[in-house]
Amino acid sequence: MIDRKLTGAKPRTRMPKGACDTQMHMYLPGYGWRADGKGVPAEPLPTPEMYRKTMGWLGIDRVVITQGNGHQMDNASLLACVAEMGECARGVAVITGETSEAEMTRLAESGIVGARIMDLPGGAVGLDQLEAVDARAHAAGWMMAVQFDGTALQELEPRLAKLRSNWVLDHHGKIFGGITPEHVATIKRLIDGGRCWFKFAGCYEATTMSGPDYPDIAALSREIGAHAPERIVWGTNWPHNAASRTEDYPDDAHLLDLAMSWLPDDAQHRALVENPQQLYGFPQIS
């Protein structure tokens, strides 16, 4: 059991109308987990009702729900959560190159706007499916969320540069081997290629240093944010599934303020509203 912090002192960041959390997971009871237990959140189950409290606390209006590893290829819980959240929500599902047209249509009609590549332990679909998933996502007009050990970014750059879908490099790139100038240059080239976006989320999962300020992630994020403020999106990474103990559970208001401190003041609205509108297809805020 874990006591998730769902309310508290308001963040210093003044969230604009339409602010979007583009990286999180939520679950409803009654859906089976993968047999080995990987990616299964600690009890109590982090439900839409619980997440709405966090939305109210932080000032979030929109959300992108990502398929959790605990459900592997079964998108049923994800679809139920998107339906439960209603018009403020979109989803990123798990598909393969073999996913049928009928299933793609069903997913799209249920609010799915993207496909997930997660090439780390527990992920359902890895880089071996990158091009096949890209073909299906591009045909459907979807984006892709791509996550892997970014230590290999330079080696993967030729493949990533050829993707036809809009795609987001998840979790500050997760460069577990340590961020180098070459990694930064590669990310900039990928962004400049016209399809790549960069996600501020889960900095504690990507750092090789300690909190509360994560200086390696801070330096990278400031540089990428200054280079391409029109390509930054932000997410809470709620419910912080890597945390298994109450004392390890992060403060979402602190993480929000920290991420926004890495952007120029005039770029925060873009990252919170305009950029996710473009990448995930939310209606324009009037």
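The values are calculated or read from the model by the stated rules, or taken from the named source; none is laboratory data. Since the model is a prediction, treat every value here as computed from it, not as a measurement. Virtual Cβ from ideal backbone geometry, glycine too; neighbours counted across all protein chains shown.
Scanning segment 267-286 for residues that are over 22 Å from T66 (Cβ atoms) and touching a residue at least 12 places away in the same chain (Cβ under 8 Å) yields A267, Q268, H269, I285. Take A124 and tell me if it is within 20 Å of the chain's Cα centre (by Cα), within 29 Å of P283 (Cα to Cα) and either buried (at least 19 other Cβ atoms within 10 Å of the Cβ) or modelled with pLDDT of 95 or more (or both). Answer is no for this residue. The sole residue among A243, A228 that is among the hydrophobic types (A, V, I, L, M, F, W, C), surrounded by 16 or more Cβ atoms within 10 Å (Cβ to Cβ), at pLDDT below 95 and within 19 Å of the chain's Cα centre (by Cα) is A243. Filtering L220, L190, L256 for residues that are under 21 Å from A89 (Cα atoms) and part of a helix (DSSP H, G or I) leaves a single hit, L256. Restricting to segment 166-186, and then to whatever is without any contact (Cβ under 8 Å) to a residue 40 or more places away in the chain and farther than 16 Å from D119 by Cβ, can you tell me which residue is surrounded by the most Cβ atoms within 10 Å (Cβ to Cβ)? Per the criteria, the residue is T186. Just for segment 261-273: of the residues that are over 16 Å from the mean Cα position of the chain (by Cα) and crowded, with 20+ Cβ neighbours inside 10 Å, which one is nearest to K10 (Cα to Cα)? Restricting to residues being over 16 Å from the mean Cα position of the chain (by Cα) and crowded, with 20+ Cβ neighbours inside 10 Å, the top hit is Q268. Among the criteria (1) crowded, with 16+ Cβ neighbours inside 10 Å; (2) without any contact (Cβ under 8 Å) to a residue 40 or more places away in the chain; (3) more than 16 Å from the chain's Cα centre (by Cα), the one R189 does not fulfil is (1).
Checking the stated criteria, G225 turns out not to satisfy the condition of being assigned to a loop (DSSP other than H, G, I, E, B), over 15 Å from A19 (Cα atoms) and among the small types (G, A, S).
Scanning segment 52-75 for residues that are in contact with a strand residue (DSSP E or B) (Cβ under 8 Å, 6 or more places away or on another chain) and within 18 Å of G111 (Cβ to Cβ) yields M55, I60, D61, R62, V63, V64, I65, T66, Q67, N75. Out of R62, R14, one residue alone is within 17 Å of the chain's Cα centre (by Cα), more than 24 Å from M1 (Cβ to Cβ) and at pLDDT 95 or above. It is R62.
Whenever a residue of segment 34-48 is within 12 Å of N241 (Cα to Cα), its partners that are surrounded by fewer than 17 Cβ atoms within 10 Å (Cβ to Cβ) and of a type in the set (S, T, Y), lying with C-beta atoms within less than 8 angstrom and at least six residues away or across chains, give the pairs A42/S244.
Selection of segment 246-260 for residues being surrounded by fewer than 19 Cβ atoms within 10 Å (Cβ to Cβ) and not acidic (D, E) yields T246, Y249, H254. Here is the figure for segment 118-140: residues that are without any contact (Cβ under 8 Å) to a residue 40 or more places away in the chain, touching a Gly at 6+ places or on another chain (Cβ under 8 Å) and outside any helix (DSSP H, G or I) total 1.
Scan segment 71-96 for residues that are in contact (Cβ under 8 Å) with a residue 40 or more places away in the chain, within 20 Å of V146 (Cβ to Cβ) and either among the aromatic types (F, W, Y) or touching a Gly at 6+ places or on another chain (Cβ under 9 Å) (or both) and jot them down. H71, Q72, R90, V92 - these are the residues of segment 71-96 that are in contact (Cβ under 8 Å) with a residue 40 or more places away in the chain, within 20 Å of V146 (Cβ to Cβ) and either among the aromatic types (F, W, Y) or touching a Gly at 6+ places or on another chain (Cβ under 9 Å) (or both). Being among the acidic types (D, E) and within 26 Å of M15 (Cα to Cα) is a property that E84 has.
Cβ separations smaller than 6 Å between residues 6+ apart or across chains give the following pairs from segment 224-253 residues that are among the polar types (S, T, N, Q) to residues that are surrounded by fewer than 17 Cβ atoms within 10 Å (Cβ to Cβ): T246/D3.
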